[in-house]
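Below: the structure, in structure tokens.
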Amino acid sequence: VLWFKSMVDDRMSGSLENDKHVVEAVSDLFKKASFQDWWNGVKIDEGGGSLRRLPLVDVRSTENYSARRIASNTPDPSDANATASNVVEYDSVVVHLPFETLLSGERSCELPPRHVQFAVLTDDQDVPRDSLEEFFGATVSKATQQSRKPWRVVQLLDASNDLWLSAKKSGILEEGTQQYSDNDTDNSGNSVFVPFTRLWQPDPLIQNILLPLLRDSLKQFPRNHKRKRCEESDTNISCHEIWDLGSGAGRDVCFLAEELKRCSLSTPTGGLSNFCGNIKIVGVDNHKASAKRCVPFWKHRQVDDITEALYMNLNKIDLVRNEMKERFSASSTIVCYYAVRFWNRKLVNAVANEENVQQGTLFAMSHFCKPHKDAPWNFDHPKVGHIII
């Protein structure tokens, strides 16, 4: 099954006008804001309309965050205020990303896309303002020396006593150490897995098309009811692998792992129950830094047990063929290949012609293309020669 997404991804830049807007907005970054400023929300567009409460990234130390914090808050849908026009969109998304883990790159891929406005909660004793501005406002990558857009931190909240009092009055102050686990139980005592809050989104193809197809496809394969991991040798159990070709930061891998693990641990017997023990989502990329960032990212998101980072040059087709053959000979079955914003015609042909590929194997692709053949292409990346026309 081959799917193409025939549009320019709005997370790239959307249009030249959007790029211009981002550049013009740089002067509006890092403005100090009170809890009430954040709580009341900001205008979604310059023309007025509804207000939206920005996602909040808490960059304080783990120790200070554990002592007290602002909790994510989702209102009761029956609340009349939540559906009224021209009011705040009431969901409060709050994620703790310690500043040192952002500097190291360990969790920087959990930040929102660079075009998305968000707020930051800090404590000057933990993270000085100039350090924040240097990191979030950088327009040149230290690793590649290439230019890039700064993150759109439009509100900067200080962890003051006034902020905590206001949060308490609003009913979203939490105090004391949080207990985390990779699964919990529902009212019936069944194990459940609930992914942590996301500041990022997977590619729409992965979320809306591939995930439902995988759920249906995996029901057809034998499940490992003993929940052995793929690394454990057992000739009676086939490891079902899903390959992300050109996985980059590993967000799509993480999303699939979280959602498949969620339905695995939440579905009654007879559905997808317990398949996670013999499934693996493999992120394949040619950048050594990819694995360095992906592995801690997946571990924090508690899906490192069903994910793998594979360092391989996808332009070297013989290497890809050999790796596929080794996997198949080791009692593995690659049940799905997908590529998001990665286009290599020789690679597609290699996958399609692999003799071990079984009937029913999924192949999904999401890539940039023109709306019609003669349409202009006004973007620096990707080049027009690297898109589908």
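The values are calculated or read from the model by the stated rules, or taken from the named source; none is laboratory data. Model, not experiment: these values are computed from the prediction. Virtual Cβ from ideal backbone geometry, glycine too; neighbours counted across all protein chains shown. Ligands, DNA and RNA are stripped out before the accessible areas are found, and what is left, the full protein with its side chains, is counted by its heavy atoms. Shrake-Rupley method; radii C 1.70, N 1.55, O 1.52, S 1.80 Å.
Here is how the numbers come out for the structure above:
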| read-out | value |
| --- | --- |
| Pick from region 49-72, criterion part of a loop (DSSP other than H, G, I, E, B) and closer than 18 Å to ASN161 by Cα, ranking: most open to solvent (accessible area, probe 1.4 Å) | SER61 |
| Among residues of region 363-384, those that are over 21 Å from SER247 (Cα atoms) and either in contact with a Ser or Thr (Cβ under 9 Å, 6 or more places away or on another chain) or open to solvent by 60 Å² or more (accessible area, probe 1.4 Å) (or both), counted | 10 |
| Given (1) touching a Phe, Trp or Tyr at 6+ places or on another chain (Cβ under 8 Å); (2) without any contact (Cβ under 8 Å) to a residue 60 or more places away in the chain, index of the condition LYS325 fails | (1) |
| Members of region 315-362 found to be touching a strand residue (DSSP E or B) at 6+ places or on another chain (Cβ under 7 Å), over 22 Å from ILE209 (Cα atoms), open to solvent by less than 20 Å² (accessible area, probe 1.4 Å) and among the small types (Gly, Ala, Ser), listed by number | SER332 |
| Test for VAL303: is it at pLDDT 90 or above and either in contact with a Leu (Cβ under 9 Å, 6 or more places away or on another chain) or more than 13 Å from ASP285 (Cα to Cα) (or both) | yes |
| Scan of region 145-179 for residues that are without any contact (Cβ under 8 Å) to a residue 12 or more places away in the chain and open to solvent by 80 Å² or more (accessible area, probe 1.4 Å), ordered by number | GLN145, GLN146, SER147, ASN161, LEU165, LYS168, LYS169, GLN179 |
| Test: residue in region 218-231 that is polar (S, T, N, Q), open to solvent by less than 20 Å² (accessible area, probe 1.4 Å) and modelled with pLDDT under 80 | yes |
